[in-house]
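Report on the structure given below.
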Amino acid sequence: MKVAKMNWQDVEAAAARDPRCVLPIGSTEQHAQLSLCVDMILAEKVATDAAEPLKIPVFPVMPYGLAPYFNAYPGTICLRVETLMVLMRDVVASLRRSGFRRILIVNGHGGNNPVGALAQELMAEYGDISVKFHNWWNAPETWAKAQSIDKTGSHANWMENFPWTRLAHAPAPEGEKAAIDLALVKASSPAEVRALLGDGSFGGPWQRSDGDMQAIWDVGVAETRAALEGPWPAAQDG
């Protein structure tokens, strides 16, 4: 139930009916031949697919995150850590003012993991909210499903190549790319990262079958829905 299709009265009624809401967050960054918006596309879609049967509001996806290592690739938008923390603090405070007390943050980008620590801080500060931080793609069941198909799943390779993240004018290359030394990547400047990665993929096959991808997606949606369903702590007064 996307908030984009609701007005303020709808949101007020939804919060009175159910204290849960979903906030997807992603990133705008290079993903080889795939869309720059892979992380936000996947976060928003998995959140929406998971929440729709429960009629729980899904707020607009946060399109920007932490991606300094990809700054040498045009189109990458990178927030500073302090910017993302302040922004997320303000968004969660706004959700709380709207009446939501059980907030599921569905994250689509590994660089955003500091938000998980912020969630703990916000719960300590407010006392009457519960915030879950859910990395949908490497939640236990979803990651296990991906690993059972191919253990090479990584950034901008087959694991992010869904029908809804592909670009018609930029088909995936054939075959697979040699694995990249990720320890060296992490120790390199943005310009050096681009020189090491080339197209941007971390290596492995660029694409697998749509059947494989749908199987992973189905597990990801189910696991995200389970996180939304609970358990949640008992409600407390602020």
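The values are calculated or read from the model by the stated rules, or taken from the named source; none is laboratory data. Computed from a predicted model, the values in this text were never measured in an experiment. All accessible areas refer to the heavy atoms of the entire protein, side chains included, with ligands and DNA or RNA removed. Shrake-Rupley method; radii C 1.70, N 1.55, O 1.52, S 1.80 Å.
Structure above, values below:
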read-out	value
Computed helical MRE - 222 nm, the chain, DSSP H runs ≥ 4 contributing -39500 (n - 2.57), nearest 500	-12500 deg cm²/dmol
Accessible-area value, Asp49, 1.4 Å probe, nucleic acids and ligands omitted, Å²	50
Unsatisfied cross-links (Cα-Cα over 24 Å) in the set Lys45/Lys177; Lys151/Lys186; Lys45/Lys145; Lys55/Lys132; Lys2/Lys132; Lys55/Lys145	Lys45/Lys177; Lys55/Lys145
Enclosed volume per residue, in Å³, of the convex hull spanned by Cα atoms of the chain	128
Vicinal HN-Hα couplings computed from phi for segment 110-127 (Karplus, 6.51 cos²θ - 1.76 cosθ + 1.60; Hz; Gly/Pro x)	x, x, 8, 4, x, 4, x, 5, 4, 4, 5, 5, 5, 5, 5, 6, 8, x
Solvent-accessible area of Tyr73 with every protein chain in place, 1.4 Å probe, in Å² to the nearest 10	20
Segment Val81-Gln120, length gained on full extension (0.36 nm per residue, minus Cα span)	12.4 nm
Potential extension, Leu184-His169 segment - 0.36 nm per residue separation minus Cα distance	2.2 nm
Integer Hz, Karplus 6.51/-1.76/1.60 couplings in order for segment 29-38, x for Gly and Pro	7, 4, 9, 6, 7, 7, 4, 4, 9, 3
